[in-house]
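Following: one structure in structure tokens, then a few remarks.
Bear in mind that the values in this text are calculations on the coordinates, not laboratory data. Predicted, not measured: the structure shown is a model, and the values here were computed from it. Cβ placement follows ideal geometry from the backbone for every residue including glycine, while neighbour counts extend to all protein chains displayed.
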Amino acid sequence: MADNNKMTIILFSGEMDKALAAFTLATTAASMGIKVSIFFTFWGLSVLRRGGVLAKQANFLQKMFGFLNSGTKEKLPLTKLNFAGAGPEMMKMLMKQKKMASLPELFKLSRELGVKFIACTTSCNVMGLDREALVDEVDEMAGAATYLGEAKESNINLFV
């Protein structure tokens, strides 16, 4: 039976605006007393990456993916109007002017509010990421079955 006080989010996207949306919803829900877990998969793992780190056993293709997808929560592209990296910087300036929390600030706040971070092991394996390639704040490395177990118990399930 679904718990009216639980929310799950799949963060599939590695773009700043989508990550901001996911973390805004997560921190808002957590501040309302809702238990929140975020399942980071494929490009969403960028939010959890340490800059430039891959698994020690990464093969050539995984290293290429790592090079081409080298974003971290501090440096993600925008979905639209990226302008070769200028778009995110303009967005950050506007957010600061409007006193909106940045992604790193929302990331920190979500941890303070008890949001659970789950990194998808299947996606990590495909992309050449191991535990050392991810930030310390990751609570668990698990597969789709773990997400589905969390989602089955939740009243709110979102895919970003």
Amide H contacts under 5 Å for R50, placed H, 5+ residues apart: L134, V135
Could you give me the ³J(HN,Hα) list for the range 85-93, computed from phi with Karplus coefficients 6.51, -1.76, 1.60 and θ = phi - 60°, whole Hz, x at Gly and Pro? x, 6, x, x, 5, 5, 4, 4, 5
For the range 127-141, 3J(HN,Hα) per residue [Karplus equation, 6.51 cos²θ - 1.76 cosθ + 1.60, θ = phi - 60°, Hz, x = Gly/Pro]: 8, x, 10, 10, 4, 5, 7, 10, 5, 5, 6, 5, 7, 7, 10
Nearby lysines by direct alpha-carbon distance to K35 (threshold 17 angstrom, same-chain neighbours under 8 apart not counted): K6, K108, K116, K152
I need the P(r) histogram for the range 13-54: all alpha carbon pairs, bin width 10 Å from 0 out to the longest distance, whole percents. 27, 49, 22, 3
Take each of the peptides 43-56, 90-103, average the number of other beta-carbon atoms within 10 Å over its residues, and list them starting from the highest. 43-56, 90-103
Using Cα positions and a limit of under 16 Å, work out the aspartates and glutamates in reach of K92, with same-chain residues fewer than 8 apart set aside. E15, D17, E74, E105
Taking just the alpha-carbon atoms of the range 34-79, what radius of gyration and Dmax come out, in angstrom? 12.2, 42
Quick calc, the chain, dipole around Cα centre from Cβ unit charges on Lys, Arg (+) and Asp, Glu (-), nearest 20 debye, gives 380 debye
For the range 144-160, in residue order, the Karplus 3J(HN,Hα) values (coefficients 6.51, -1.76, 1.60; θ = phi - 60°; whole Hz; Gly and Pro = x) are 4, 4, 5, 4, 4, x, 5, 5, 4, 8, 9, 8, 10, 10, 10, 10, 10
Can you give me the long-range amide H partners of S154? Hydrogens built in the peptide plane at 1.01 Å from N, cutoff under 5 Å, separation of 5 or more residues or another chain. D3
Options (1) 47, 36, 24; (2) 39, 31, 29; (3) 45, 42, 24 are given for Cα extents along the principal axes in Å, and the computed one is (3)
